[in-house]
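For reference, the structure is listed below as structure tokens.
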Amino acid sequence: MTGSGGAPPVLGVGIIGCGMAAQALHLPALASLSHLFRVAHVVDAAPSVAATIADRLGARRSARPAELLADPDVDVVLVATPDAFHARYVIDACRAGKRAVLVEKPLALTVGEARAVVAEAESTGVPVQVGTMHRYDPAFRKAEELMAGLDPPDLVVVETIAGPNEAFVADAVELVRGPVDPALSDAETPLSWLATGIHHAGLDAPSDHLIAALMGLTLSTHDLALLRATLGEPQAVEHLTLLRGFGFETVLDYGHTKAVVVAYERTVKRVDWRARWLWPDREVEVRFPQSWGSSEAATVPLHTNDGALLSSDTFGARHETGFRAEWRHLHAVATEGVVPLTPAADAAADVALVHRIVAAGASPAPTRPDAAGVAVLGAGWITALHVPVLDALPDARVAVVASRTAAAAERRAWTVGCDHATFADLGAVVGRPDVDVVLVAGPPSVHADHAVTALEAGRAVVVEKPLASTLAGADAVVEAAQRTGRAVAYAENYAYAPVITEARRRVEAGAVGPLRSVRVHMRHARPTYGSFLDPAYGGGVLFDLGAHAVWWALALAGFAPVTEVDAELEATADGESDDHAVVRMRTGGGPTLTVEASWRRAPDDGEDSGAVVEGDAARLEVVLDPWPELRLVSGDETTELTWDDPAAGTTGGVTGHYGYLPELRAFLRDIRSGGAPQPDAAVGRSVLEVICAAYAAAGSGRPVSLPFEGSRDLTPYELWRGGG
């Protein structure tokens, strides 16, 4: 921070996220306020973007936000990342002791995350200002002045009819773009909106309710801030109507006042954004221009009766924007102790209001009073699905999330507002009186230890695939389950994927006749989640995708006992792990089973997963990705088969499509009724036995017989590199 004499200090700005909002909205505003701000440091997941922006501005750049937050030249922080990371970096900035934080809307995607930000801002004393810029617009401030002292209006109508942002941006600025470094990106980003829809609408709501959640948190959050400034908190949400295309309409009841909020996005390159406060004898309106690169100013028409005549006055026509105004206000917040007009507490209340609006249309099922308390051990990629699904199920509630680091556990726990801990406190976590079920979802190397500890604490257990990193670990889980009498579910979600379930039913009913062969393939780009390239993790693609594919092949073959395994593994370029595998299983007179697992698919090609079951009478073709299909081929005739998918077209549809939702529902049902979950730990051990034999076969160059007689203390990777 610099300043001399009576001049206001110039604050150093750190920008986390240099995408469209930063380049097209904030950087122009900051450039016009150089007497108050200078950009000191930038961070972006695309290194070339950060480099170009930093060079233009004479700023420093870093690969990670932590380096920016440690920079003493950064006084205030702008968080303009994808929405899923707003809460994370705002809280980090508060903990870094910065003078103030400006975060793009929405404050957070879930109620739990928003409340976590409020708590941190209050705890650290760092003011957080949310970028709902219309609240700072001089036109709206004038409207507030015109409404001061009046009785509450009878009706408020807010209409936001928006055109495509990208089209307006293209007219105003040439965006700097560049490839994202996978090491700097987050694999959970694609899941963030899925989890958001589940959080706000529930699992069984029609999938178009995701639109209401998305619109409410992004576009309409501007309007909710204006309503909160003039009317406060609504007493009720009367209804939600989804509009054809991409939009919604809702009515909010504030007691004396009704507010109608309409949000609609289209491809027509025009914006009609206005809010009207209506009384019997007057109308105050604010008309906002489109935000991207606009040189227009918002205006305030005031309409009243002057005797028998209508009197209309219009205020505005200053070439001022809400973005410049919000930055000016942030300067006063940071240097004079002024309170933000859009504090985190108000923005958090608006996230909760979005939740109420979406729930009014979706009617999610309430949590049962006797819902099972779940401890989630692990905070990696898979828990980005498990946690919101569990939180939305009436029969479950997430009590605590634990991980290797407190930061990872805390961030996952924020999403649902539960407790967090580390693996160092494992005994205390699984022993909590409010925990009935333990979901083991950390790295494979800890699966066995965590599962056994939970079983010995008397808890039912769900273990993510693979069951363990060694067969000795798998043996320990099976033994502990038998000894304690507690249920253990092997979390093979494909066991509940509707298309695979239907395929199994058709095969068992004899649709293809006696089986001859089963072939399963699973291909996608190398994952950015997990540490599969680290030998300590236990293995590569065969350990990751192969666990699914091996189970799938075994299941389609009716779990015919495997007598021999042969395999070829191909290593990554650095030779540290396998990224392509072909496994052949013989079943002693039964069908031959072949599995291909590969990470050699280009990211833009998407995923590709399927199976072919050959019988004496017909062939059954199963497609899981890119979209579920089932075909029965008999001679020259192909029949498209249909089946009932309860999750199709619902907010939880993707989780249902891959089996996550029915899997967790079934397990909760089983433990409540005392039933035995399937697949169980013994099935998980059988899958791992095939995988270990495959790695050993690839290492030795010869087939391996089952039951496996090699070392049960070695990981699959060690069996491969040790020559079997």
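The values are calculated or read from the model by the stated rules, or taken from the named source; none is laboratory data. Keep in mind the model is a prediction, meaning the values are calculated, not measured. Every residue, glycine among them, receives a Cβ derived from its backbone with ideal geometry; neighbour counts consider all protein chains shown.
Filter the strands (runs of 3 or more DSSP E) completely within the stretch 210-281 down to those with at least 2 residues that are surrounded by 22 or more Cβ atoms within 10 Å (Cβ to Cβ). Steps first, please.
Values: elements: 236-243, 247-253, 258-265, 272-279.
By residue number, 247-253, 258-265, 272-279.
Out of the stretch 501-541, which residues are surrounded by 18 or more Cβ atoms within 10 Å (Cβ to Cβ), part of a helix (DSSP H, G or I), in contact with a Phe, Trp or Tyr (Cβ under 7 Å, 6 or more places away or on another chain) and in contact (Cβ under 8 Å) with a residue 60 or more places away in the chain?
GLU502
Residues of the stretch 613-642 being of a type in the set (Gly, Ala, Ser) and within 13 Å of PRO514 (Cβ to Cβ), which ones?
Within the stretch 613-642, GLY615, ALA617, ALA618 qualify.
Would you tally the residues in the stretch 245-280 being at pLDDT 95 or above and of a type in the set (Asp, Glu)?
Number satisfying all stated conditions: 2.
Identify the single condition in (1) crowded, with 18+ Cβ neighbours inside 10 Å; (2) at pLDDT 95 or above that GLY380 does not satisfy, given that it satisfies every other one.
Exception for GLY380: condition (2).
Condition first: assigned to a helix (DSSP H, G or I) and without any contact (Cβ under 8 Å) to a residue 40 or more places away in the chain. Now tell me which residues in the stretch 142-165 satisfy that. If you could, list the steps in order and put the result at the bottom.
Quick first cut of the stretch 142-165, residues assigned to a helix (DSSP H, G or I) only: 142-147, 165.
Scanning the stretch 142-165 gives a single hit, GLU145.
Could you tell me how many of the residues in the stretch 632-665 are of a type in the set (A, V, I, L, M, F, W, C), modelled with pLDDT under 90 and part of a loop (DSSP other than H, G, I, E, B)?
Qualifying residue count for the region: 3.
Test VAL49 against the criterion of being outside the structural domain of LEU175 (by TED's automatic domain parsing), among the β-branched types (Val, Ile, Thr) and part of a helix (DSSP H, G or I), and give yes or no.
Details: outside the structural domain of LEU175 (by TED's automatic domain parsing): yes; among the β-branched types (Val, Ile, Thr): yes; part of a helix (DSSP H, G or I): yes.
Yes.
Count, please, the residues in the stretch 300-321 that happen to be of a type in the set (S, T, N, Q) and in contact with a helix residue (DSSP H, G or I) (Cβ under 8 Å, 6 or more places away or on another chain). Can you show your working first?
If we filter the stretch 300-321 for residues that are of a type in the set (S, T, N, Q), which is where we start, we get 304-305, 311-312, 314, 321.
Checking which are in contact with a helix residue (DSSP H, G or I) (Cβ under 8 Å, 6 or more places away or on another chain) leaves us with 321.
Matching residues across the stretch 300-321 total 1.
With the structure loaded, tell me whether GLU576 is within 29 Å of the chain's Cα centre (by Cα) and surrounded by fewer than 22 Cβ atoms within 10 Å (Cβ to Cβ) or whether it fails that test. Spell out how you get there, then give the answer.
Details: within 29 Å of the chain's Cα centre (by Cα): no; surrounded by fewer than 22 Cβ atoms within 10 Å (Cβ to Cβ): yes.
So GLU576 does not fit the description; no.
Say whether the condition of being over 30 Å from LYS142 (Cα atoms), among the small types (Gly, Ala, Ser) and at pLDDT 90 or above is met by at least one residue in the stretch 170-184.
Scanning the stretch 170-184 turns up at least one residue that is over 30 Å from LYS142 (Cα atoms), among the small types (Gly, Ala, Ser) and at pLDDT 90 or above.
Return the only residue of PRO466, PRO444, PRO366, PRO388 being surrounded by fewer than 18 Cβ atoms within 10 Å (Cβ to Cβ) and not aliphatic (A, V, I, L, M). Spell out how you get there, then give the answer.
Details: PRO466 fails: surrounded by fewer than 18 Cβ atoms within 10 Å (Cβ to Cβ); PRO444 fails: surrounded by fewer than 18 Cβ atoms within 10 Å (Cβ to Cβ); PRO388 fails: surrounded by fewer than 18 Cβ atoms within 10 Å (Cβ to Cβ).
Selected residue: PRO366, the only one of PRO466, PRO444, PRO366, PRO388 that is surrounded by fewer than 18 Cβ atoms within 10 Å (Cβ to Cβ) and not aliphatic (A, V, I, L, M).
Give me the pairs: first residue in the stretch 461-474 and charged (D, E, K, R), second residue part of a loop (DSSP other than H, G, I, E, B), beta-carbon distance under 7 Å, and six or more apart or on different chains, which are they?
Filtered contacts from the stretch 461-474: GLU464/ILE382; GLU464/ALA441; LYS465/GLU492.
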